[in-house]
Amino acid sequence: MIIKKCSDFIIKEEVINDTPYYYMDIVLNKIKKTIEGIFDENTVEDETQNPNFEKTIKKAKIDGKNKEDKLSFRDLGVVLNSSDLSKYSKMMKSLDIKFSDDSASYDLYIAVSLKDAIPTQDKEFSADDIKKCFVKFKKYDIDTFEVIGQLTKNVDIKDIDEDFLVDLKIEMDKEFGSDEDDFEIEMEK
């Protein structure tokens with residue numbers, strides 16, 4: 001007669017993690033709250049509600065130099081229009097942020113890939129283990145809604161903050177031009 005131990009029949013548990021989609025949602029919701037918080041901090045009633053308020057990049061740079069601070073969306077006169085999570089693709093989940101200033105409309109698309117959210121075996125996984133995301137940034141003409149320019153990058157999620165977004169907007173304006181900096185009217189006397 002063979003005697004077996006009880007421990008031979010106990011199922012040894014492996015590390016169990018949530019689904020990758022769950023982690024992708026957590027990461028995108030964190031980014032969404034961060035970006036919405038940036039716009040909430042920069043909202044000032046008299047500037048955003050005043051139809052005569054006009055802030056150009058040139059003026060914002062001068063104000064920024066005078067304050068010796070970094071530029072903010074408030075300095076650039078940028079207003080949040082919408083922020084939506086998309087679950088269209090099974091391979092990527094994304095966040096679509098739309099904002100505008102007095103001269104253009106912008107669309108910021110942030111996507112997290114499924115392959116970055118799959119846990120490795122025998123290791124606990126959390127949303128903090130997702131390190132990279134894909135960013136597509138488009139600039140539209142405010143009158144015709146035609147695409148003026150587009151930038152795409154793979155970035156670290158921890159780097160997405162107000163400075164990153166301001167730098168992205170300034171890079172877009174430098175690369176694809178900004179009409180407000182080049183336009184001058186000369187008059188003869």
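One table, with the values for the structure above:
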{"item": "Cα shape, segment 69-179, gyration tensor, a/c 1.5 rule", "result": "prolate"}
{"item": "Centre separation in Å (Cα based) which lies between segment 70-143 and segment 149-169", "result": "9"}
{"item": "Protection proxy ranking of 155-168, 102-115, 134-147, 79-92 - average other beta-carbon atoms within 10 Å, highest first", "result": "102-115, 155-168, 134-147, 79-92"}
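Only the coordinates and a few stated rules stand behind these numbers; no lab work does. Only a predicted model underlies this, so the values are computations on that prediction, with no experimental measurement involved. Cβ atoms come from the backbone with ideal geometry, glycine included; neighbour counts cover every protein chain shown.
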